[in-house]
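Undergrad: I have a structure here, written as structure tokens, and I will follow up with some questions on it.
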Amino acid sequence: MIKITEKHIDVQKVIDTVSSLAAGAVNVFVGTVRNNAKGKNVVWLEYEAYETMAVAEIRKIIDEASQRWPLLGWAVSHRIGTLKPGEVSVVVAVSTPHRKDSFEACQFIIDTLKEKAPIWKKEVFENGEEWVSARPELAAKA
Amino acid sequence: MKLKIKAFGVTKDYLGGKEAVIELKGQTVGDLRAELNERYPQLLGLRSLYIAVNRDYADENQMLALTDEIALIPPVSGG
């Protein structure tokens, strides 16, 4: 299941979609909104996605993960829109026969998603806003 | 040819909206990049800028057609 949604993500529901009687491990990554960045208070984040391409890119990542690890189930759910500190922005869940594969596959999926999926976030501070990592001088400080 | 360009993230601010129309003399992604850089020099200040054609990252020498879905992909920051 790949989902880009403006609605609150129910982590348990994502986990339920990967459950399998053949699985000995379910591994879940939950990304949450941090209340600070570059020493400033984050009031909220604005997430935006190029949805059709993001789904296509995530599917490619899942395909690659499926070739490298014996995935029994997998799910990726990503929030877009306005998120406050503490809210869940992304959930990746995988199930595999044994735990080592589940850790590796889950980490590969979230790391590659962050690198390739066309999804962006803007940090909104008390006195300004900034698209994350867009320009070199800001990336260097991050 | 006249191409419709989708903008995301910070490129929306640079292009002045979610979509821009570019009159392109050349035919490739590289030609489009040169045209965009000339028209919107702020793009040159980005850490990276990919151009997606039909929902896939494109090479600079890829040929463009009127019906292509073209999008600007500034540095991504999902997760």
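Undergrad: May I ask you to derive the relative contact order of chain A, considering only C-alpha pairs under 8 Å and at least 6 residues apart, and to give it as an integer percent?
TA: Relative contact order of chain A: 35 percent.
Undergrad: Counting only DSSP beta bridges with both residues in the range A:1-134, what percent are antiparallel, rounded to the nearest 5?
TA: Bridges in the range A:1-134 are about 90 percent antiparallel.
Undergrad: I need to check one value: relative contact order of chain B, counting alpha carbon pairs closer than 8 Å and at least 6 residues apart, in percent.
TA: Worked out over chain B, it gives 37 percent.
Undergrad: Find the Rg to Rh ratio for chain A, where Rh is the Kirkwood radius over alpha-carbon pairs and Rg uses the same atoms.
TA: We get a ratio of 1.00 for chain A.
Undergrad: Can you spot the lysines whose alpha carbon is less than 26 Å from A:Lys100's alpha carbon? Ignore those fewer than 8 places along the same chain.
TA: By straight Cα distance, A:Lys100 reaches A:Lys3, A:Lys13, A:Lys60, A:Lys114, A:Lys116.
Undergrad: Sticking with this one: How large is ³J(HN,Hα) for each residue in the range A:31-38, as worked out from phi by the Karplus curve 6.51 cos²θ - 1.76 cosθ + 1.60 (θ = phi - 60°), to whole Hz, x for Gly and Pro?
TA: Running phi through 6.51 cos²θ - 1.76 cosθ + 1.60 with θ = phi - 60° gives x, 10, 7, 7, 8, 8, 7, 6 Hz.
Undergrad: Could you order peptides A:55-66, A:115-126, A:5-16 by the average number of other Cβ atoms within 10 Å of their residues, highest first?
TA: A:115-126, A:55-66, A:5-16
Undergrad: Would you list, by chain and number, the lysines whose Cα falls below 20 Å from the Cα of B:Lys25, excluding same-chain residues fewer than 8 positions away?
TA: B:Lys2, B:Lys4, B:Lys6
Undergrad: Considering only C-alpha atoms, what is the centroid distance from chain B to the range A:118-136, in Å?
TA: The two parts, judged by their Cα centres, are 20 Å apart.
Undergrad: May I ask you to sort A:Met53, A:Met1 by Cβ crowding, counting other Cβ atoms within 10 Å and putting the fewest first?
TA: A:Met1, A:Met53
Each value in this text was obtained by applying a stated rule to the coordinates, not by laboratory testing. Quick caveat, the model's predicted, so the values are computed rather than measured. Neighbour counts are summed over all protein chains in view; Cβ atoms, including those assigned to glycine, are modelled from backbone coordinates with ideal geometry.
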